[in-house]
Amino acid sequence: MVVGICRIDLRIHGNNSLKGKRQILRKLIDRTKNKFNVAIAEVGDNDVLQSARIGFCVVGNNQRYINSALDKITSFIENMNIAEVCDSEWEITHC
């Protein structure tokens, strides 16, 4: 079993309320879940208005598949143009 974990730091420009931040993150998270069927959630910067940290994971049998999936999902989030991707970090482990 191969597990891929990714953490993405986002900058949300022009946001000035937690309600607005939650709406943006909900849209981003729901679209990503629907397209890729991954576990994804906000995992940090919960009370910061203009930044967020999300995390997601992918499980499979092949490292090449996991690497490709992490890359596609990260690119999808970047190309949504809902929030700016400031940083991302991947980790792939074999169990």
Could you grab me the full set of residues in the stretch 39-83 that are surrounded by 13 or more Cβ atoms within 10 Å (Cβ to Cβ), acidic (Asp, Glu) and at negative phi?
Glu42, Asp71, Glu78
Considering only residues of the stretch 1-50 that are part of a strand (DSSP E or B) and more than 13 Å from the chain's Cα centre (by Cα), which is nearest to Glu91 (Cα to Cα)?
Val3
Which of (1) outside any helix (DSSP H, G or I); (2) under 15 Å from Arg7 (Cβ atoms) does Val59 not meet, given it meets every other one?
(2)
Only one of these is without any contact (Cβ under 8 Å) to a residue 12 or more places away in the chain and farther than 28 Å from Val2 by Cα: Asn81, Asn16. Name it.
Asn81
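Condition (residue is of a type in the set (Val, Ile, Thr), outside any loop (DSSP other than H, G, I, E, B) and free of Cβ contacts under 8 Å to residues at least 60 places away in the same chain) applied to the stretch 62-77: is it met by at least one residue?
Step one: list which residues in the stretch 62-77 are of a type in the set (Val, Ile, Thr), which gives 66, 73-74, 77.
Okay, now just the ones that are also outside any loop (DSSP other than H, G, I, E, B), so 66, 73-74, 77.
Add one more test, that the residue is free of Cβ contacts under 8 Å to residues at least 60 places away in the same chain, and what stays is none.
The answer is no; no qualifying residue exists.
Bear in mind that the values in this text are calculations on the coordinates, not laboratory data. Note that the coordinates shown come from a computational prediction; the quantities given were computed from them, not determined experimentally. Glycine gets a Cβ as well: all are built from the backbone with ideal geometry, and neighbour counts include every protein chain shown.
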